[in-house]
Every structure is written in C-alpha cells, then in structure tokens.
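**Student:** Structure below; questions to follow.
Any read-out appearing in this document is the output of simple, stated calculations on the displayed coordinates, not a laboratory observation. Being a predicted model, the structure only gives us computed values, none of them experimental. Methodologically, a virtual Cβ is constructed for each residue, glycine included, from the backbone with ideal geometry; neighbour enumeration extends over all protein chains shown.
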Amino acid sequence: MDPNAGKRTLANKLSREELQAKLDAETFHRTTVSFYKYVIIENPQELRDALFAKWSQWECLGRIYVSREGINAQMNVPQHHWDAFDAFIHGLEYFHDVPFKLAVTDKTEGKSFLKLVVKVREQIVADGLQPEDYDVTDVGAHLTAKDWNEAIEKHDPVVVDMRNHYESEIGHFEGAVLPEAETFREELPMVLEKLKGQEDRKILLYCTGGIRCEKTSAYLKHHGFNDVNQLHGGIIDYARQIEEDKLPNKFHGINFVFDERLGEAISDEVISECHQCGQPSANHANCANKACNLLFIQCEECAEKHEACCTPQCVEVIHLSEEEQAEIRRKAKETKRFHRHTKVNLRNAFSEK
C-alpha cells in the first residue's frame, strides 16, 4: 500500500495559470489577514496537516509556516467562511488569544494569494540565531500607535526598521534607521552593530506585522539594551489604529507586503522612484522573464515600454519559444536577486542597448 496515498490531498497540484483562472472566476470576496504567535507546538506536522485540511475545505489561500516555536501566517479567507475560520483558530489551545491583523487596503479585493501553502519549518522566521542568543519570553514592551507616536515626539528614541531594504525603500517611519539588509538573518547582527554604545537609549522597533520585532527585542535585551520597545501589530495595525483613533500618521509611503499586492498605502506619499526612469513610483514588480524574476520598482510607463522586464536581455528572452524559455529557466540559478545589486544598471540598461 502506498504510504503517501492518504496525504496527496494535503498539497496544491494546480498550475499557476489554473489557479489564477479559478480565482478570477470567483464571485465572492475574500479577507486578507495575517497573524503569528510564538508558542511551543509539540507536533508541527500534525498541526500543519490539520490546518491544511480544514482551510482547504473553506477555500482559504495563503502562505503559512508552522514550527516547534509557533506559527506565522499570511492568508486570505472567503468572507462567507470568516466566522467559522475565526472560531476554529481561536478554538485551538495554541492560538486561543492570537490577534488578527486585517489588510489596510486591498486592491486585489482579498485575492492576495493564488494557492494554499502550509509548511513545517525549523523556525517561523529564519534568523540564524542559536537558543542561547535570546530568550523569546523576555521581549520588549508592546506600544500602541498612540504610545508609539508619543515616544517618537517626547523621548528622542532610536527608531529601527526591522525589514529588508526593498521594504523600507517604499515606506518607513520618519527618522528611522534603515539597514541595507536583504534578509532578517543578515539584519540582526547589522542592527546590533549600528546600536552599539546606545544600550541605555529608548529603542523603538517596527516591522510589517510584529513578528520580526518580537525576536529582535529579545535579541537586543539579551545583549544588554535596557529600554527596548516594539510597535504592537506592526505597521499593519498601526494604520488601523491611527484611522480609528484619529492619530497623526508618522509613517511615510507604502507598506510592502509579501503577497500578490506587494504593497498597501499607509499615506498618500510616494517616497521611492522607478529604478528605470527615476520618476516617483512605489510599484514593485517581478521581471516578466521568469528565469530572472528580479524584484524591482517599475512605473506603469516603463512597464508598458519595456514589456514588464528589467533589461533588454530579458525582453529578448520573453519573445523566445516556451521551450527555449523553459531551458533558460532550467539553467538559471535558483537564488533570488534583489534590486540593490542592479539598481544603477537598470537606470541605464535600455539606453545603453
């Protein structure tokens, strides 16, 4: 008997094109939600399978990581299943008190993911830390949006953006330290070095939804920082709070998100520019050449002019036959490239052709 026979329904088998067509045909709306919690999970694989089975029944979509240290989820839920989803999550002992963070703006009308992916990982956020490097039960103070604003205004704090450089480029809090990091793993020691000698200052940490700050605050406290604070619920919940409580908005620009939207407006400002023409833009896109898939900022005019590609070489590739493109993708390196390495080249790529 095939030991995997009973598990074949616990993974998506459709192509991206089939998934997109299915999503486009839907007549109902979805709610985009994110949540996380650090909690000891005895059997991550068993929980993973239970979550996938239940969420598949409700046609939920998203990217969820489960590990022995907790859960990290970004997903969308059909609105007609929301009450059942809410009751199910908060009915689980592990997650009975987990707060949900709903999308601020959603130009995809909730269709922020194409498929449901639930994976078991060693960590819910890859950080490269060893157990002796931090104590996740000893974290910084969680600040509401009101407390956060007051801390910025009255206490001369060090505000630190705990996201990657391509996230902070399109939006950040005023006066924040913006590490030029591509991964959270790379950023932790970088931040520790930048803050050296400021152990007694008030430190304010923020990220998208709060999960990276949870680990960072424990890491900094372990290294002798005495007044570590983090924005409760991250930028996502900050936006909700300032709207509900009519508070001043100290965030400039767009909040980068890791789904089909790639960004949600927190203010009306555009603080970044197109990497090809230099005009104001905050539109992140992946190069249309799938063998490249470079993440970069491209305005609508350049997207049309350059066929959604980053360089002339990529334009040439997308006009090859599918068989030729498949061969190029097969040979391409699997490491994802980010625009920090090619931004200057992108500005002149087409003019130099």
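**Student:** In which sequence would 100, 184 go, from the one with the fewest C-beta neighbours within 10 Å to the one with the most?
**Tutor:** 100, 184
**Student:** Report Rg(Cα)/(2.2 N^0.38 Å) for the stretch 132-252, keeping two decimals. Working shown, then result.
**Tutor:** On the way: Rg = 13.3 Å, N = 121, 2.2 N^0.38 = 13.6 Å.
My calculation over the Cα atoms of the stretch 132-252 gives 0.98.
**Student:** If you don't mind, there's one more thing I want to ask. Take the Cα radius of gyration of the stretch 27-120 and divide it by 2.2 N^0.38 Å, with N its residue count; two decimals is plenty. Walk me through the numbers before you get to the answer.
**Tutor:** Details: Rg = 12.6 Å, N = 94, 2.2 N^0.38 = 12.4 Å.
Here the Cα radius of gyration is 1.02 times the empirical estimate.
**Student:** Are any of the pairs 221/246; 37/119; 54/290 more than 26 Å apart by Cα-Cα distance, and if so, which? All intermediate terms of the calculation are to be shown ahead of the outcome.
**Tutor:** Details: 221/246 33 Å; 37/119 16 Å; 54/290 32 Å.
With Cα atoms farther than 26 Å apart: 221/246; 54/290.
**Student:** Could you give each residue of the stretch 19-24 its phi-based ³J(HN,Hα) in whole Hz, using Karplus coefficients 6.51, -1.76, 1.60 with θ = phi - 60°, and x for Gly or Pro?
**Tutor:** 5, 5, 5, 5, 5, 5
**Student:** Hey, fewest Cβ within 10 Å first, where do 274, 207 land in order? Kindly include the intermediate steps, with their values, before the conclusion.
**Tutor:** Numbers: 274 21, 207 25.
Final ranking by Cβ density, sparse to dense: 274, 207.
**Student:** Put +1 on the Cβ of every Lys and Arg and -1 on every Asp and Glu Cβ in the stretch 67-165; which of 67, 88, 155 then has its Cα farthest towards the positive end of the dipole?
**Tutor:** Comparing the listed Cα positions along the dipole, 88 ranks first.
**Student:** Quick check: from the Cα gyration tensor, does the chain come out rounded (a/c under 1.5), prolate or oblate?
**Tutor:** It comes out oblate by the Cα gyration axes.
**Student:** With contacts defined as alpha carbon pairs under 8 Å and 6 or more residues apart, what's the relative contact order of the stretch 238-319 in percent?
**Tutor:** Reported as a whole number, the value is 18 percent.
**Student:** Taking the beta-carbon count within 10 Å as an exposure proxy, list 156, 133, 127 from fewest neighbours to most.
**Tutor:** 156, 133, 127
**Student:** Based on DSSP H runs of at least 4 residues, each adding -39500 (n - 2.57), what is the mean residue ellipticity at 222 nm of the chain after dividing by all its residues, to the nearest 500 deg cm²/dmol? It would help to have the intermediate numbers written out before the result.
**Tutor:** Details: 12 runs with 110 residues, N = 353.
-9000 deg cm²/dmol, from helical runs alone.
**Student:** Quick one: compute the contact order of the stretch 27-120, relative version, from alpha carbon pairs under 8 angstrom and 6+ residues apart, as a percent.
**Tutor:** Numbers: 172 pairs, mean separation 42.4, N = 94.
In percent, rounded to a whole number, it is 45.
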